[in-house]
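Since the structure comes first, as structure tokens, the remarks are kept for the end.
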Amino acid sequence: RSMRLISCYIENFGKLNRFAYDFAEGINVICESNGWGKTTLAAFLKAMFYGMEHSTKRNVDDNEYKKYQPWNGGAYGGNLIFETDGKKYRVERFFGLKDKEDTFVFYDEQTGLKSDAYTENLGEELFGIDRVAFEQSIFLKQGMYGISMTDSVATKMSGLMASGDDIDCYKVACDRLETEMRIYKKTGNKGKIAELISSKSGERREM
């Protein structure tokens with residue numbers, strides 16, 4: 001599935017206020033000075049796809065919702081227009097003090113009418129990976145250097161279609177491999193590998 005960003009409008013998000021940006025086709029490079037808001041813009045795009053996580057953590061760096069609350073108050077959110085499979089859509093999200101106050105509206109950009117083509121789980125439906133996998137693969141924020149493999153990424157890379165059963169099958173397969181490994185390699189010169197080595201050694205002695 002192909003997807004490209006077309007434009008975004010930020011009403012308020014962190015330091016960005018009434019900010020509009022048009023994306024060019026191909027690679028977009030934003031080269032601005034420190035403090036301009038590059039990380040904030042990237043976080044906004046992620047929020048449009050996956051929403052914002054409300055947390056009780058007091059440390060702002062560990063609480064993304066608090067970190068990007070508007071500096072000047074006002075509505076918290078904006079919209080993103082993108083194209084996928086030849087159709088243009090607009091997603092609008094605004095965030096409140098609690099999860100239940102967050103809003104999500106999805107439009108067919110050609111008609112201007114609300115669309116049910118995608119739900120609030122937009123990122124998972126578009127990319128086939130969850131928020132954690134997105135943060136550890138596609139979205140690399142400043143100061144993030146370690147990347148780990150999650151079940152969602154492993155499933156995607158294995159070529160499986162993204163569904164609830166895929167994760168279960170992946171875990172079952174891993175458990176099966178571990179069980180077989182224990183059968184073949186046991187401690188104390190036991191197990192199928194030890195038996196095969198012993199058998200080969202006996203054959204050599206007989207020769």
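If you roll a 1.4 Å probe over segment 83-137 with all protein chains in place, what percent of the accessible area is carbon or sulfur?
46 percent
Could you pull out the pairs from LYS38/LYS98; LYS46/LYS87; LYS57/LYS100; LYS38/LYS87; LYS15/LYS88; LYS66/LYS100 whose alpha carbons sit more than 23 Å apart here?
Exceeds cut-off: LYS38/LYS98; LYS38/LYS87; LYS15/LYS88.
Relative contact order of segment 45-109, please, whole-number percent, based on alpha carbon pairs below 8 angstrom and at least 6 residues apart.
It comes to 24 percent, rounded to a whole number.
Can you work out the accessible area per residue across segment 23-147, with the rest of the protein chains kept in place, probe 1.4 Å, in square angstrom?
Numbers: 7450 Å² over 125 residues.
Here the residues of segment 23-147 average 60 Å² of exposed surface.
The values are calculated or read from the model by the stated rules, or taken from the named source; none is laboratory data. Everything numeric here is computed off the predicted structure, so don't read it as measured data. When the accessible area is computed, the model is the full protein with side chains, heavy atoms only, and any ligands, DNA or RNA have been set aside. Shrake-Rupley method; radii C 1.70, N 1.55, O 1.52, S 1.80 Å.
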